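Enquirer: Take this structure first; my questions come after.
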Amino acid sequence: MLKIGLVGFGYWGPNYARVLSDLAGAELAVVCDPSPERLELARQRYPGVATCEDIDALLARNGIDAVVIATPASTHEALVRRALEAGRHVLVEKPMALRAPHDIAIFNYLLGGEPRWASAIGARVLHTSRDDIAFVTLGYANEVLGNIHVSWADPNKVRESVAVGTRRRVVFNDLNDGEPVRYFHRGGSDNGATADSFGEFKLLGRHGDIVSPKVEPGEPLKTQCLEFIECIARGRTPLADGRFALGVIRTLAAIDRSMQSKGATVEV
Ligand SMILES: NC(=O)c1ccc[n+]([C@@H]2O[C@H](COP(=O)([O-])OP(=O)(O)OC[C@H]3O[C@@H](n4cnc5c(N)ncnc54)[C@H](O)[C@@H]3O)[C@@H](O)[C@H]2O)c1
């Protein structure tokens with residue numbers, strides 16, 4: 001049974017506490033947060049769990065095998081370093097960067113590596129201290145191009161990833177619970193097909209079957225925690241290890257440099 005310490009019991013930490021205390025093979029042993037109110041809430045919800053106010057007290061306890069960090073991103077680097085130096089396994093969500101890692105992580109995972117170059121432009125249309133919208137192009141090996149559009153300004157929430165290949169197009173829509181994944185097959189007839197009328201032209205957009213495979217429902221946080229404890233138990237390298245996170249951060253740094261020079265192509 002792995003004993004796990006949870007650092008941070010704010011908005012997201014309680015979700016970890018719930019998932020971890022439900023998993024076979026893991027035990028939520030201690031919750032750490034400097035806020036007395038948050039610790040009181042943790043004690044109410046998990047009477048058997050110990051609490052402490054800082055990570056040093058947590059790491060000083062015997063038998064804590066692993067640490068889950070659920071604190072604001074600006075604290076990640078110091079807390080993760082402290083836990084690793086104390087010889088603990090660490091799960092920290094998102095790499096230790098302060099901006100926009102998700103899309104990059106998805107692309108680098110699906111394409112099996114980092115891009116070679118990045119070109120990005122962004123703007124602070126909401127007049128905050130960070131860019132609110134960005135258009136990013138990433139050049140991967142084998143002439144594969146990735147394009148990301150992110151926006152805090154557009155109130156229409158879109159969470160969609162599209163991969164276009166030679167034989168099919170795959171669309172993942174994170175907001176569509178019923179059909180999150182759809183494959184759009186290309187048929188044999190679309191080779192060089194041209195339209196004689198506007199109606200035909202519209203129909204050419206659809207080449208073959210559209211398949212909506214069954215996707216087993218599951219809570220992503222639970223899947224993530226299971227992967228973490230399984231990797232510890234079997235000594236396996238996680239899908240998103242430190243090296244992978246470094247690739248994401250290198251990509252983000254290149255995007256930042258490109259944005260500073262108004263979209264110039266920069267090497268990753
Ligand atoms: N995957 C998701 O959908 C998702 C959603 C929200 C947040 N998150 C991630 O979870 C993390 C926490 O976000 P949140 O929204 O819960 O933030 P939050 O501000 O609500 O809570 C953070 C908690 O950490 C505590 N804390 C701060 N510094 C600490 C320290 N040095 N040691 C111990 N505890 C400390 C605070 O007292 C607070 O209770 C962030 O990394 C965030 O990106 C992920």
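The values are calculated or read from the model by the stated rules, or taken from the named source; none is laboratory data. Just so you know, these numbers come straight off a predicted model, no measurement behind them. Note that each Cβ is placed from the backbone with ideal geometry, even for glycine, and that neighbours are counted across all protein chains shown.
Enquirer: Considering every residue within the stretch 238-255, establish whether at least one is within 16 Å of the ligand (Cβ to nearest atom), outside any helix (DSSP H, G or I) and small (G, A, S).
Expert: Yes; the residues of the stretch 238-255 include at least one that is within 16 Å of the ligand (Cβ to nearest atom), outside any helix (DSSP H, G or I) and small (G, A, S).
Enquirer: If I filter the stretch 6-23 for residues that are surrounded by fewer than 16 Cβ atoms within 10 Å (Cβ to Cβ), at pLDDT below 95 and either aliphatic (A, V, I, L, M) or more than 22 Å from A78 (Cβ to Cβ) (or both), do I get at least one hit?
Expert: yes
Enquirer: Related question: Can you list residue pairs whose Cβ atoms sit under 8 Å apart, with the first residue in the stretch 248-268 being polar (S, T, N, Q) and the second being surrounded by fewer than 18 Cβ atoms within 10 Å (Cβ to Cβ)? Count only pairs 6 or more apart in sequence or on different chains.
Expert: S258/I121; S258/A264; S258/T265; T265/W117; T265/G139
Enquirer: Assess whether E53 counts as being modelled with pLDDT of 95 or more and more than 10 Å from the ligand (Cβ to nearest atom).
Expert: In short, no.
Enquirer: Here are the criteria: (1) at negative phi; (2) crowded, with 18+ Cβ neighbours inside 10 Å; (3) hydrophobic (A, V, I, L, M, F, W, C). Tell me which single one A100 does not satisfy.
Expert: (1)
Enquirer: Test R38 against the stated conditions and say whether it is within 9 Å of the ligand (Cβ to nearest atom) and of a type in the set (D, E, K, R).
Expert: yes
Enquirer: When you scan the stretch 9-111 for helices (runs of 4 or more DSSP H) that lie fully inside it, which ones turn up with 3 or more residues that are of a type outside the set (S, T, N, Q) and without any contact (Cβ under 8 Å) to a residue 12 or more places away in the chain?
Expert: Correct list: 36-45, 76-85.
Enquirer: Run A73 past the list (1) within 22 Å of I232 (Cβ to Cβ); (2) out of contact with any strand residue (DSSP E or B) (no Cβ under 6 Å at 6 or more places or on another chain); (3) at pLDDT below 95; (4) within 8 Å of the ligand (Cβ to nearest atom) and report the number of the one that doesn't hold.
Expert: (1)
Enquirer: Sort out which residues of the stretch 8-35 are within 12 Å of the ligand (Cβ to nearest atom), over 21 Å from E219 (Cα atoms) and touching a strand residue (DSSP E or B) at 6+ places or on another chain (Cβ under 7 Å), and write them in order of number.
Expert: Those that are within 12 Å of the ligand (Cβ to nearest atom), over 21 Å from E219 (Cα atoms) and touching a strand residue (DSSP E or B) at 6+ places or on another chain (Cβ under 7 Å): V30, V31, C32.
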